[in-house]
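Data first, discussion second: the structure below is written as structure tokens.
Values in this text are rule-based calculations from the coordinates and carry no lab data. Just so you know, these numbers come straight off a predicted model, no measurement behind them. FYI the Cβ positions are ideal-geometry reconstructions off the backbone, even for glycines, and counts take in every protein chain you see.
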Amino acid sequence: MERRKVQQTGSSTYTISLPKQWASRHGIEPGMSLALCPVEDGSLVIGANQTADGGTQTVDLTGKSAADVRRTVERCYAFGFDHVRFVADDLTTEQRRAITTAANSRTGLQVVDETDSVVTVDCLLDATEMSLDRSVVQLQYVALSMQTDATTALTTGDDELAAHVIDRQRDVERRAAVVERYFERALTDHEVLNALGLTRPRLFDYRVAATRLGRVATEAATVADVARRLDSAPNEWLASTTALARRTRSHVEDAVAVLLDGVDSGQASVLEATGTDLRDELAVFDRTLYEQGGSDAAEFGRLVESLRQIVDHGDAIAARAGAAALRQPTPVKK
């Protein structure tokens, strides 16, 4: 790191010289205008090409299958692009349908123009109107309600409720994609970071929570899938599964609360201990299933593994909360 001395010019202006080697490498010459972007963490970013939008990208879809097209559109969204032109010599009906389907699966993404060879997609989200902590809370609500409903479907044999849980995965994916989009965008666009009112470490906290909550939803869908295929099960197995599912839900919920509230790292350590206890109890239940056997033991083994994975995701969020708490300045005792 190079250090430069701040000097005062006149009565109201501070100046600092730019390293000539850096300026030459970036094509900066006397008389040019530079963009100055103050960042929430106290840094000042200087550049000749600071942009406030995601830029215009052109993506060639020639020869791509419908599945590849959908993934490409989703990646462009995740990378933070605001304006994308998808081109091909002759876009097929399947490719157009895939673009529209992918756009509809992402918040704020719309097809705004079409020709024989170009489909233009814009993202209409505004960073100044986004609240990523609220997005994480909403994502938590959906993911954990899926887990609760999946457990209910298991104990009541409600196949319709189980199917509903599986369908809700798309909602979780859409919400998590918003957080991922702004994380990627803020890596290169400091104005977006400022509009969000976050530092990069805090934004990474939200990304970890969103990613893990998305995986909690995936495990809930696994529980729902098992519930649809089970005809009956011993009451004691159902009771144990319900109790353990309730505690794993509370574990994740508490971890997210600690992360968002920014409390001391001691609470995160308590949650990590809780996670260890839950894994031990799940291991005991798993051994019970193995010892008792039966046609449904293997399916319940899948449930135990899903609950174990949910505990792991709660632990990951708690660990991030502990790291976030350590970033906070420690008050100086007088």
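Taking Cα atoms only, the orientation of helix 265-292 departs from the longest principal axis of the chain by about 30 degrees. Compared with the dominant Cα axis of the chain, that is its longest principal axis, helix 235-261 is turned about 20°.
Among 135-144, 13-22, 187-196, 152-161, how do they line up from the highest to the lowest mean number of other beta-carbon atoms within 10 Å?
Working: 135-144: 21.1, 13-22: 9.9, 187-196: 19.3, 152-161: 16.4.
Descending packing order for the listed peptides: 135-144, 187-196, 152-161, 13-22.
Electrostatic bookkeeping for Gly63 treats Lys and Arg as +1 and Asp and Glu as -1; over the other residues with beta carbon under 14 Å from its beta carbon, the sum is -4. Distance between the C-alpha centres of the range 53-101 and the range 250-293: 41 Å, rounded to the whole angstrom. The sum of -39500 (n - 2.57) across all DSSP H runs of n ≥ 4, divided by the residue count of the chain, sets its helix-only mean residue ellipticity at 222 nm to -21000 deg cm²/dmol. The modelled label-to-label distance for the pair Val270/Asp90, using points 7 Å beyond Cα in the direction of Cβ, is 6.8 nm.
If you add up the charges near Ser17, with Lys and Arg at +1 and Asp and Glu at -1, over every other residue whose beta carbon is less than 14 angstrom from its beta carbon, what do you get? Combined, the nearby Lys, Arg, Asp and Glu give +3. Compared with the dominant Cα axis of the chain, that is its longest principal axis, helix 93-104 is turned about 90°. Only one of the values (1) 21.8; (2) 23.2; (3) 20.1 was calculated from this structure for Kirkwood radius over Cα pairs in Å; name its label. So the calculated entry is the one marked (2).
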